[in-house]
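Input: a single structure, listed below in structure tokens.
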Amino acid sequence: MSTIPSVQLNDGAYIPQLGFGVFQIEPEKTAAAVRTALEIGYRHIDTAEMYGNEKEVGQGVRDPGMNRADVFITSKLNNGFHKPDDARRAFDNTLRALESDYVDLFLIHWPLPTLYGGDFVSTWKVLEEFARDGRARSIGVSNFEPAHLDRLAKESDTVPAVNQVEVHPYFTNEEVRAYGKEHGIVTEAWSPIAQGAVLDDETIGRVADGCGKSPAQVVLRWHIQRGDIVFPKSVSPDRVRANFELFDFELDGADMDAISALDRGESGRTGPNPNTFDYIPD
């Protein structure tokens with residue numbers, strides 16, 4: 001079994017650098033997918049209330065008889081619950097769905113820059129409550145831009161442990177990553193293979209051929225070597241296993257640079273821009 005490296009967060013906690021994501025996995029398939037991932041060796045599961053499968057993640061962790069302390073679980077506050085009392089109720093619901101008395105990491109899912117009067121700071125202060133009482137071992141944010149992070153720094157007492165943002169070879173998101181590095185905020189990369197868009201890229205194919213690895217493995221390895229936390233998702237056991245096999249090879253500097261040079265800036269985004277995204281699910 002491969003040994004997954006861990007990254008130390010600014011609060012002293014450690015998080016496995018490779019995890020298993022459950023975004024867009026149907027609830028009825030989630031528990032089995034999580035079980036498969038844990039059997040392969042993953043020990044980090046990334047979910048969110050918005051994904052609608054927190055309950056099944058909890059079931060998938062319990063089914064193989066895992067010790068809860070051995071699995072790092074992340075969840076996120078849904079966009080409709082930014083008001084402080086709503087955030088408290090939503091967090092309680094997350095713990096009930098997971099059937100756990102804590103989460104290892106809890107995030108604000110989106111900053112929602114104009115909804116709620118643009119006030120995500122009061123939401124963040126509620127997450128600080130969860131950290132103080134131990135029900136969230138670490139707290140962080142998702143899809144926050146430097147201006148959002150600067151505001152948190154000025155108006156609250158806790159630096160986010162992580163910022164989970166879109167990152168892949170076509171959108172390297174260097175400004176946000178650089179801000180995180182400067183301020184001790186670890187970057188987590190969602191959409192790490194750009195929803196598959198980078199897998200047919202000629203440069204990535206050339207690197208993969210040279211390594212004897214798949215394009216997906218090469219891109220995930222690129223993330224790992226850059227220091228980002230990554231959590232690919234799949235319901236195919238073969239792909240889940242292949243995504244785990246990232247630690248028996250290394251990309252050289254030239255290959256790393258060639259992949260990074262594929263960056264297309266803002267045109268490379270596959271998801272919404274956090275500066276304008278104001279979405280609340282029905």
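The values are calculated or read from the model by the stated rules, or taken from the named source; none is laboratory data. From a predicted model like this one, the values you see are computed outputs, not experimental measurements. Every residue, glycine as well, gets a Cβ built from its backbone with ideal geometry; the counts of neighbours run over all protein chains shown. Surface accessibility is based on the protein's heavy atoms, side chains included, excluding ligands, DNA and RNA. Shrake-Rupley method; radii C 1.70, N 1.55, O 1.52, S 1.80 Å.
Listed here are the residues, each with its yes/no results for (1) touching a strand residue (DSSP E or B) at 6+ places or on another chain (Cβ under 6 Å); (2) within 26 Å of PRO5 (Cβ to Cβ); (3) among the aromatic types (Phe, Trp, Tyr); (4) open to solvent by less than 10 Å² (accessible area, probe 1.4 Å).
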residue: ARG68; (1), (2), (3), (4): no, yes, no, no
residue: LEU77; (1), (2), (3), (4): yes, no, no, yes
residue: THR114; (1), (2), (3), (4): no, no, no, no
residue: HIS148; (1), (2), (3), (4): no, no, no, no
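Among the residues of the range 128-148, is there at least one that is touching a His at 6+ places or on another chain (Cβ under 8 Å) and either assigned to a helix (DSSP H, G or I) or of a type outside the set (Ser, Thr, Tyr) (or both)?
First pass over the range 128-148, keeping only residues touching a His at 6+ places or on another chain (Cβ under 8 Å): 141-143.
When the remaining residues are screened for being either assigned to a helix (DSSP H, G or I) or of a type outside the set (Ser, Thr, Tyr) (or both), the result is 141, 143.
Yes, because at least one residue in the range 128-148 is touching a His at 6+ places or on another chain (Cβ under 8 Å) and either assigned to a helix (DSSP H, G or I) or of a type outside the set (Ser, Thr, Tyr) (or both).
As an exercise: evaluate GLU250 against (1) open to solvent by less than 40 Å² (accessible area, probe 1.4 Å); (2) without any contact (Cβ under 8 Å) to a residue 40 or more places away in the chain; (3) part of a loop (DSSP other than H, G, I, E, B) and give the number of the one condition it does not meet.
Against the list (1) open to solvent by less than 40 Å² (accessible area, probe 1.4 Å); (2) without any contact (Cβ under 8 Å) to a residue 40 or more places away in the chain; (3) part of a loop (DSSP other than H, G, I, E, B), GLU250 comes up short only on (1).
Which is open to solvent by less than 10 Å² (accessible area, probe 1.4 Å) and either of a type in the set (Val, Ile, Thr) or touching a Gly at 6+ places or on another chain (Cβ under 8 Å) (or both), of ILE224, ILE204, ILE193?
Values: ILE224 fails: open to solvent by less than 10 Å² (accessible area, probe 1.4 Å); ILE193 fails: open to solvent by less than 10 Å² (accessible area, probe 1.4 Å).
Answer to the selection: ILE204.
With the range 168-242 as the region, which helices (runs of 4 or more DSSP H) entirely inside it contain at least 3 residues that are without any contact (Cβ under 8 Å) to a residue 24 or more places away in the chain and more than 24 Å from LEU105 (Cα to Cα)?
On the way: elements: 174-183, 202-211, 215-226.
Counting at least 3 such residues, we get 202-211.
With the structure loaded, tell me whether THR30 is open to solvent by less than 10 Å² (accessible area, probe 1.4 Å) and β-branched (Val, Ile, Thr) or whether it fails that test. Explain how you work it out, then say what you get.
Details: open to solvent by less than 10 Å² (accessible area, probe 1.4 Å): yes; β-branched (Val, Ile, Thr): yes.
Yes: the conditions hold for THR30.
Being among the acidic types (Asp, Glu), touching a Gly at 6+ places or on another chain (Cβ under 9 Å) and modelled with pLDDT of 95 or more: is that true of ASP86 here? Lay out the reasoning, then the answer.
Numbers: among the acidic types (Asp, Glu): yes; touching a Gly at 6+ places or on another chain (Cβ under 9 Å): yes; modelled with pLDDT of 95 or more: yes.
So ASP86 fits the description; yes.
Given the options VAL176, VAL165, VAL121, name the one that is open to solvent by less than 50 Å² (accessible area, probe 1.4 Å) and in contact with a Leu (Cβ under 8 Å, 6 or more places away or on another chain). It would help to see each step written out before you state the result.
On the way: VAL176 fails: in contact with a Leu (Cβ under 8 Å, 6 or more places away or on another chain); VAL165 fails: in contact with a Leu (Cβ under 8 Å, 6 or more places away or on another chain).
Among VAL176, VAL165, VAL121, only VAL121 is open to solvent by less than 50 Å² (accessible area, probe 1.4 Å) and in contact with a Leu (Cβ under 8 Å, 6 or more places away or on another chain).
Looking at ASP92, ASP85, ASP101, which is the one that is under 17 Å from GLU128 (Cα atoms), assigned to a loop (DSSP other than H, G, I, E, B) and charged (D, E, K, R)? If you could, list the steps in order and put the result at the bottom.
Values: ASP92 fails: assigned to a loop (DSSP other than H, G, I, E, B); ASP85 fails: assigned to a loop (DSSP other than H, G, I, E, B).
From the options ASP92, ASP85, ASP101, the qualifying one is ASP101.
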